[in-house]
Amino acid sequence: MTLPFKAVAVDMDGTFLDDRKQFNHEEFDQILTEFEKRNVQFIVASGRPYARLEQDFGEFANRIDFVSLNGSRLIIKGKDAAGYPMERQDALNLIKDVREKYGTRATMVFEKDIAYLKTDVPKEERDFLAYFAGRSAEVDNWNDMPEEDIFQITFDLDRKYAKAIEDDFNNKYENKISAFGSANTAIDVNVQGINKGAGLKRLLEQMNMTGDDLIAFGDGGNDIAMLQFAKYSYAMANGMEEVKKHAKFVAPANTENGVFKVLQKYLAEDK
């Protein structure tokens, strides 16, 4: 039997990682080595920035590819492949609008290699958010950020407000953003049209592949476009019910090494 896919895409939190934010490195090395023998590309598709993902994967980072910040930055074997930033003024307008409608919310603004948080965020919450940034800094005012491209904004806000944020802003400023409930209390915002599915499509095009060549795993709202794009799509058993509706299959929970179990089954059949 030959593997029915040529590329694997995995979400991180709630999917590839267990509830301690960890994965079995030895087991992953074995799986990755088998895929390398078969010329199967392993891709991490995450709302996390590359700075964080590079730390997460350590010695594996240069053996895999990344669709980071929900498709806003594409990395192939450690090198930038493409980037899709927001217009800076749109980002600042959005932060202002969300603050006015929903109150003062913890916010992270992701530039290429660093994320910024406001100094007025409580330290405990700031430390928690900084973990996902990989590299972060604090500013007193959003205008104090360096004049670099902004790739994503993440709001500490109930995911149920994602569609309202997207609709309100796009009606006001003529279709500028896409917003996703990436976790129960996190909303990620990117430039319109950018999501994990679009990012994977553009990454795979550089490898002469399409969604028909892809198996993908996810659990959250920002994984839906990726699961719709992949021919072989798996929602995690622990995933949102809405996400399961958009996947062809259900994988065991992240706490049960669900991604590894499914991939190992495919590899065992490919003998």
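The values are calculated or read from the model by the stated rules, or taken from the named source; none is laboratory data. Since this is a predicted model, take the numbers as computed values, not measurements. Please note: Cβ atoms are built from the backbone with ideal geometry, for glycine as well, and neighbour counts cover all protein chains shown. Areas reflect the complete protein model, heavy atoms only, side chains present, ligands, DNA and RNA absent. Shrake-Rupley method; radii C 1.70, N 1.55, O 1.52, S 1.80 Å.
Here are a few things to note about the model shown:
- Among the residues of the range 245-269, those that are open to solvent by 50 Å² or more (accessible area, probe 1.4 Å) and either more than 14 Å from Ile215 (Cβ to Cβ) or part of a helix (DSSP H, G or I) (or both) comprise Lys245, His246, Thr255, Glu256, Asn257, Lys261, Gln264, Lys265, Ala268, Glu269.
- The set of residues in the range 93-106 that are open to solvent by less than 30 Å² (accessible area, probe 1.4 Å), more than 13 Å from Asp168 (Cβ to Cβ) and either among the small types (Gly, Ala, Ser) or over 21 Å from the mean Cα position of the chain (by Cα) (or both) comprises Gly103, Ala106.
- Here Ile75 meets each of (1) open to solvent by less than 10 Å² (accessible area, probe 1.4 Å); (2) free of Cβ contacts under 8 Å to residues at least 24 places away in the same chain with one exception, condition (2).
- Yes/no for Val109 being without any contact (Cβ under 8 Å) to a residue 40 or more places away in the chain and either over 25 Å from Ala81 (Cα atoms) or surrounded by 21 or more Cβ atoms within 10 Å (Cβ to Cβ) (or both): no
- Test: residue in the range 3-24 that is open to solvent by less than 50 Å² (accessible area, probe 1.4 Å), farther than 18 Å from Asn222 by Cβ and touching a Ser or Thr at 6+ places or on another chain (Cβ under 7 Å): yes
- Any pair with Cβ under 9 angstrom, 6 or more apart, that starts in the range 3-16 at a residue that is of a type in the set (Phe, Trp, Tyr) and ends at one that is part of a strand (DSSP E or B): Phe5/Leu214; Phe5/Ile215; Phe5/Tyr232; Phe16/Val10; Phe16/Val44; Phe16/Phe217
- Residue in the range 32-40 that is over 25 Å from Ile114 (Cα atoms), in contact with a Leu (Cβ under 7 Å, 6 or more places away or on another chain), touching a residue at least 24 places away in the same chain (Cβ under 8 Å) and not charged (D, E, K, R) present: yes
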